[in-house]
Amino acid sequence: MTRIKNICCIGAGYVGGPTMAVIAQKCPEINVTVVDINEQRIAAWNDENVENIPIYEPGLSEVVKEARDRNLFFSTDVDSAIDKADMIFISVNTPTKTYGIGKGMAADLKYIELCARQIARVSKTDKIVVEKSTLPVRTAEALKNILDNTGNGVNYQILSNPEFLAEGTAVDDLMVPDRVLIGGDLDTKEGKEAVNALVDIYAHWIPRERLLTTNVWSSELSKLTANAFLAQRVSSINAMSELCEKTGADVNEVSKAVGMDSRIGPKFLKSSVGFGGSCFQKDILNLVYISKSFGLNEVADYWEQVILMNDHQKRRFAAKIVQTLFNTVSGKKIALLGWAFKKDTNDTRESAAIYVADYLLNEQAEIVIYDPKVKTEQIYADLDYLNSRSSEENRSRVKVVNTPYEATKDSHAVAVLTEWDEFKDLDWQKIYDEMLKPAFLFDGRRLLERETKEAIGFEFYAIGS
Ligand code: UDX
Ligand code: UDX
């Protein structure tokens, strides 16, 4: 039986970092080295003050504190970590392609391929290679092809072990997962051994009945399917939110009533300004692209609608602000509370806030942003990435401030875009008093109580009511 002593993980991001920290904490006899080509990121993971690690996740710094320098290491020396490892996790990013065939839809597998070639070049002993990044179905085949044809004659087993952690709850999701999915070549003895080696690692803290083993293709496709279903629920309830606004129904009441049907269940039915994050959009586009490439146009269209609905929801929210402010926001100061794609994370990838801000900037608004965890440079980088206007213009028309009150003072309108808990407890009377009148408050997360805000004097709008 294969016993793993050394693990290497390529990619110290939102997935690789927390996952490896938890494996290291739970398996003290295994050495875990997380490598990344980004020197700054690795330096931050190694920062003496554990609160400075580059990823904010509740509970993560405690886990890192316990395991770091005991059996958890962060390094930029990718070659030597690969060389030493029996098992290599690939957790690099797979963004949507921005060029060439499949532009705007297919996953860009450039980094995955680079990793495979590097593993093939360096390895002198047999390795188990684990796909942790979310990949289109059948990527393992390409990985195996590269490894087998460019390597030094060593043997590789490829496993798929998709990550189901959600940001903001990553540590809990890793500690007590609903299930762990491990795909491998169950038809061969070597394949089964590799699967079992990974099962043994997770069995350190997860009951065996939650460790699901499947063939590689099912595992890859299950991850895309899970995210597509979750995103579909959000788009479904968001579609209903618009209908609620027209009919006098309240989307929260509808959501509660529907969610109490045990066949449907209460989760992922919270209406919002639109889903964000690094996975939903990318994975659905991926699914659409794969379906199209097999000629399954109806399947592709079906899933694409989930994304179109989400784009519509973001635009609709921004348009509501403009329309309510007497059809012009030109030169008006608008405060955005929250920039992260959801609470308890500093991740901003695909955050609805980016698109709302962009829409309002196109309408010539002045934007002031407060987010408790997102860094100023990140906000400007997100806006620059859209290429809607020059970086100088973004810097002159968007201000990022350190307190919510600085953002809201003298503003015409406030929009809540992330459901940070602290926004519930702000001194809303003070905010109202310091705003221009009439003072408008737009709640993109259904976070605030309509009655109390209206009692203060706000002109209040919440999604779906
Ligand atoms: C990524 C994918 O986006 C997601 O689909 C997958 O499920 C897990 O991996 P995440 O960890 O959130 O998610 O990405 P990110 O925070 O960008 O981390 C990836 C890291 O890989 C970056 O730090 C990057 O520097 C590193 N990297 C990338 C390498 O070390 N080598 C490379 O060749 C490319
Ligand atoms: C998601 C999946 O949940 C996780 O299993 C997968 O591995 C990666 O993708 P994540 O992107 O971290 O995780 O966040 P998630 O909590 O799923 O939220 C995604 C987006 O949907 C957020 O913008 C969130 O605010 C939004 N959302 C979620 C809603 O608008 N309404 C809901 O009811 C739930």
Inset, instruction - Tell me which of these Gly277 doesn't satisfy, since it passes every other one: (1) without any contact (Cβ under 8 Å) to a residue 12 or more places away in the chain; (2) small (Gly, Ala, Ser); (3) surrounded by 15 or more Cβ atoms within 10 Å (Cβ to Cβ). - result: (1)
Inset, instruction - Restricting attention to the stretch 1-42, report how many residues are within 16 Å of ligand 2 (Cβ to nearest atom) and part of a loop (DSSP other than H, G, I, E, B). - result: 4
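Listed here are the residues, each with its yes/no results for (1) among the aromatic types (Phe, Trp, Tyr); (2) within 16 Å of ligand 1 (Cβ to nearest atom).
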residue	(1), (2)
Val273	no, no
Tyr289	yes, yes
Ala300	no, no
Phe317	yes, no
Leu325	no, no
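Conditions tested, residue by residue: (1) under 21 Å from Phe423 (Cβ atoms); (2) within 16 Å of ligand 1 (Cβ to nearest atom).
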residue	(1), (2)
Cys244	no, no
Asp261	no, no
Pro266	no, no
Ser293	no, no
Ile321	yes, no
Ala335	yes, no
Gly338	yes, no
Ser351	yes, yes
Legend entry - Of all residues in the stretch 43-90 being within 16 Å of ligand 2 (Cβ to nearest atom) and under 28 Å from Trp420 (Cα atoms), the one that is surrounded by the most Cβ atoms within 10 Å (Cβ to Cβ): Glu57
Inset, instruction - Provide a single number: the residues in the stretch 20-49 that are of a type in the set (Val, Ile, Thr), more than 9 Å from ligand 1 (Cβ to nearest atom) and closer than 16 Å to Ser61 by Cα. - result: 3
Legend entry - Qualifying positions in the stretch 91-126 - near ligand 1 (Cβ under 10 Å from one of its atoms), surrounded by fewer than 17 Cβ atoms within 10 Å (Cβ to Cβ) and farther than 23 Å from Asn149 by Cβ: Pro95
Inset, instruction - Select, from Glu66, Glu51, the only residue that is in a helix (DSSP H, G or I), in contact (Cβ under 8 Å) with a residue 24 or more places away in the chain and in contact with a helix residue (DSSP H, G or I) (Cβ under 9 Å, 6 or more places away or on another chain). - result: Glu66
Inset, instruction - Report yes if Ala228 is assigned to a helix (DSSP H, G or I) and more than 12 Å from ligand 2 (Cβ to nearest atom), otherwise no. - result: no
Legend entry - 3 or more residues closer than 25 Å to Pro95 by Cα and within 16 Å of ligand 2 (Cβ to nearest atom): qualifying strands (runs of 3 or more DSSP E) within the stretch 108-224: 180-183
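Coordinate-derived values only; no laboratory data. None of these values were measured; they are calculated from a predicted model. Note: ideal-geometry Cβ built from the backbone for every residue, glycine included; neighbour counts use all protein chains shown.
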